[in-house]
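The values are calculated or read from the model by the stated rules, or taken from the named source; none is laboratory data. Nothing here was measured: the structure is a model prediction, and the numbers come from that model. Note: ideal-geometry Cβ built from the backbone for every residue, glycine included; neighbour counts use all protein chains shown. Ligands, DNA and RNA are excluded from the accessible area calculation, which covers all protein heavy atoms including side chains. Shrake-Rupley method; radii C 1.70, N 1.55, O 1.52, S 1.80 Å.
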Amino acid sequence: MDVTKANVYYYFRTKSAILEALLDNSIAFFEAMLDETAKIRGKRARAEHVVAGFVDQVVANRALSPLGRTDPSVRRNERINAELARLAEKAMRLLFGDEPTDDQRAAWFLTSDVGPVIAAFPHLTDDELREVLRRLCLRVLRV
């Protein structure tokens, strides 16, 4: 980034503040995208909308993709962790109804943590990666 550590800590007092600054835009994006999804009729159309929005966001932010809910820094940040859990519940309700099955919940968590997939394919262009992730997510969600 060509800035000193002191400069970073001038603007962000803690590592947690840096993490929040990195993830807040993505959280706001997903919130808005899920609100749009709620207006869409049909299970397949909703799933396609969620997957397209999610995949576009993670591909555009490849460097942040390894920061899934299982990342220790994310788990330690109560606010971020709570926001991600809330968004996951909201997404599952939109895709599967008020009482998702264990299989449906597992499918959601598999599709929403694609950091390992992104790390395994650094050679793919954004368009290629987007297509791979889109197919994968829809297949796992079984829609």
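Quick look at the numbers
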{"quantity": "In degrees, nearest ten, helix 43-60 long axis to first principal axis of the chain (Cα)", "calculated": "20"}
{"quantity": "Heavy-atom accessible surface of the chain: percent carbon and sulfur, 1.4 Å", "calculated": "55"}
{"quantity": "Cβ-derived FRET efficiency at R0 30 Å, ALA45 paired with SER16, nearest 0.05", "calculated": "0.20"}
{"quantity": "Alpha-carbon centroids, the range 96-137 and the range 38-87: separation in whole Å", "calculated": "10"}
{"quantity": "Folded to 0 to 90 degrees: helix 78-96 orientation relative to the chain principal axis, Cα", "calculated": "20"}
{"quantity": "Kirkwood-Stokes translational diffusion coefficient of the chain, alpha-carbon pairs, 4 °C, 1.567 mPa s, µm²/s", "calculated": "80"}
{"quantity": "Using θ = phi - 60° and Karplus 6.51 cos²θ - 1.76 cosθ + 1.60, couplings along the range 4-15 (whole Hz; Gly, Pro as x)", "calculated": "7, 4, 4, 5, 4, 6, 5, 8, 10, 5, 9, 5"}
